[in-house]
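A short worksheet on the structure shown next.
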Amino acid sequence: MPDALQFPIIDLSFPDRFSIANLIRQGCVDHGFFYLVNHGVDEELISKVFEQSSNFFSLPIEEKMKLVRKNHRGYTALYAEKLDTTLTTEGDSKESFYIGPLADDLNQWPLEEDLPSWRSTMETYHQKLLSAVTKLLSLIALSLKLEEDFFEKVGALIEPLAFIRLLHYPGDLNSSSEEIFGASAHSDYGMVTLLVTDGVPGLQICREKSKQPQVWEDVPSMSGAFIVNIGDMMERWTNGLFRSTLHRVLQPRQDRYSVAFFTNPSKDCTVECLESCCTESCPLRFPPIKAIDYLEERLRLTYGL
Ligand SMILES: O=C(O)CCC(=O)C(=O)O
Ligand SMILES: [Fe+2]
């Protein structure tokens, strides 16, 4: 058995930004994962989000299906999504709910009389997370020896395509198939993801995607911390220097809830290899691509649209 994973702990309030940036670099190069503490998002708000998430998933399926996913917002039922597109089995044993950018009016919301304060809780969470991610991205820019406002300057943060995903993995499914996962193996598509779980284990990473047999290691959750992981678009920007690590969630034996916050660049932002990351010994791996084109292609593959 490999030793338990130890990711760096990044303290967003730490005054020495350069030493924090170095630690971020280490986390992103070695694992593509780190923990984030003192992120400015209240415990109380996080608890409210979990409570409201459980309120929604407890509704009868007919009610949930009224908000079925459209424009990548709303409800996705159990087995309806398969993150590992190579698997031939039925989909992942989770249900989820997406809430996208607040400004464009595409979100779907439960009625206020059914779930009071649901919408306002999620909107507050979206705003708070976006502000934490914006601070984090300035440190990520420093960690890449760029100016702190690099991601603003390239237009990634004009109207970032940021999504909350509420997740529920039912614990009572008793599936006999070993091929069914809560969330099958995947990497995230965007720049960074901030994840918080209810502490029920299940998340695992595979650090060497192409090594066979694959080695999967448990990711412990840390109370009060976000688990942060690098997504594919950041991997493309850094020509693979920062890893977008394969991860999955095992089917839990008890109910498991988590909340992911995916940050993708604004739709017209071009994701192209940083000059400092393309060298003779590390030639260009990914051509430039517009964020929206990349995201839509990945969603098409996942949802088979
Ligand atoms: O629920 C988790 O712990 C991870 C979820 C995840 O990886 C995802 O939604 O992309
Ligand atoms: Fe993920």
- Take the residues in the stretch 230-266 that are away from ligand 2 (no atom under 16 Å from the Cβ) and closer than 25 Å to L78 by Cβ, then tell me which one is nearest to the chain's Cα centre (by Cα). D255
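Would you check if there is a residue in the stretch 229-237 being surrounded by 14 or more Cβ atoms within 10 Å (Cβ to Cβ), more than 16 Å from ligand 1 (Cβ to nearest atom) and at pLDDT 95 or above?
yes
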- The condition of being within 16 Å of ligand 2 (Cβ to nearest atom), open to solvent by less than 40 Å² (accessible area, probe 1.4 Å) and not in a loop (DSSP other than H, G, I, E, B) holds, among L136, L167, only for L167
- Query: Which ranges mark the helices (runs of 4 or more DSSP H) fully within the stretch 1-76 that have 2 or more residues being open to solvent by less than 20 Å² (accessible area, probe 1.4 Å) and in contact (Cβ under 8 Å) with a residue 12 or more places away in the chain?
  - Reply: 17-30, 43-57
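Looking only at the stretch 252-261, count how many residues are open to solvent by less than 30 Å² (accessible area, probe 1.4 Å) and either in a strand (DSSP E or B) or among the hydroxyl-bearing types (S, T, Y) (or both).
Selection size over the stretch 252-261: 5.
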- Item | Unmet criterion (only one of (1) part of a helix (DSSP H, G or I); (2) of a type outside the set (A, V, I, L, M, F, W, C); (3) touching a residue at least 60 places away in the same chain (Cβ under 8 Å); (4) surrounded by fewer than 21 Cβ atoms within 10 Å (Cβ to Cβ)) for G155 | (1)
- Name the one entry in D92, D114 that is over 27 Å from G182 (Cα atoms) and out of contact with any helix residue (DSSP H, G or I) (no Cβ under 7 Å at 6 or more places or on another chain). D114
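L36 - would you say it is of a type in the set (A, V, I, L, M) and either away from ligand 2 (no atom under 16 Å from the Cβ) or at pLDDT 95 or above (or both)?
yes
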- Reported set for the stretch 194-229 where residues are of a type in the set (G, A, S) and either touching a Gly at 6+ places or on another chain (Cβ under 8 Å) or within 12 Å of ligand 2 (Cβ to nearest atom) (or both) is G202, S221, S223
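Report whether or not D198 is at pLDDT 95 or above, more than 17 Å from the chain's Cα centre (by Cα) and within 15 Å of ligand 1 (Cβ to nearest atom).
On the way: at pLDDT 95 or above: yes; more than 17 Å from the chain's Cα centre (by Cα): no; within 15 Å of ligand 1 (Cβ to nearest atom): yes.
No: the conditions fail for D198.
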- Task: Scan the stretch 77-112 residue by residue and report those that are in contact with an Asp or Glu (Cβ under 7 Å, 6 or more places away or on another chain), without any contact (Cβ under 8 Å) to a residue 40 or more places away in the chain and among the hydrophobic types (A, V, I, L, M, F, W, C).
- Result: A77, L102
- Note on the structure: From the option list L115, L142, single residue qualifying as open to solvent by 10 Å² or more (accessible area, probe 1.4 Å), under 30 Å from L59 (Cβ atoms) and either within 16 Å of ligand 2 (Cβ to nearest atom) or touching a residue at least 24 places away in the same chain (Cβ under 8 Å) (or both) is L115
- So which residues in the stretch 267-305 are open to solvent by 10 Å² or more (accessible area, probe 1.4 Å) and among the small types (G, A, S)? S276, S281, G304
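Restrict the check to the stretch 86-108 and report whether at least one residue is touching a Ser or Thr at 6+ places or on another chain (Cβ under 6 Å) and open to solvent by less than 20 Å² (accessible area, probe 1.4 Å).
Yes: the stretch 86-108 contains one or more residues that are touching a Ser or Thr at 6+ places or on another chain (Cβ under 6 Å) and open to solvent by less than 20 Å² (accessible area, probe 1.4 Å).
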- Query: Quick one: what pairs do we get from the stretch 189-201, first residue more than 16 Å from L137 (Cβ to Cβ) and among the β-branched types (V, I, T), second part of a strand (DSSP E or B) and more than 9 Å from ligand 1 (Cβ to nearest atom), C-beta under 7 Å, 6+ apart or different chains?
  - Reply: V196/F226
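The values are calculated or read from the model by the stated rules, or taken from the named source; none is laboratory data. Quick caveat, the model's predicted, so the values are computed rather than measured. Counting neighbours? That spans all protein chains shown, and the Cβs are built from the backbone with ideal geometry, glycine included. In case anyone asks, the SASA skips ligands and DNA or RNA and just uses the protein heavy atoms, side chains included. Shrake-Rupley method; radii C 1.70, N 1.55, O 1.52, S 1.80 Å.
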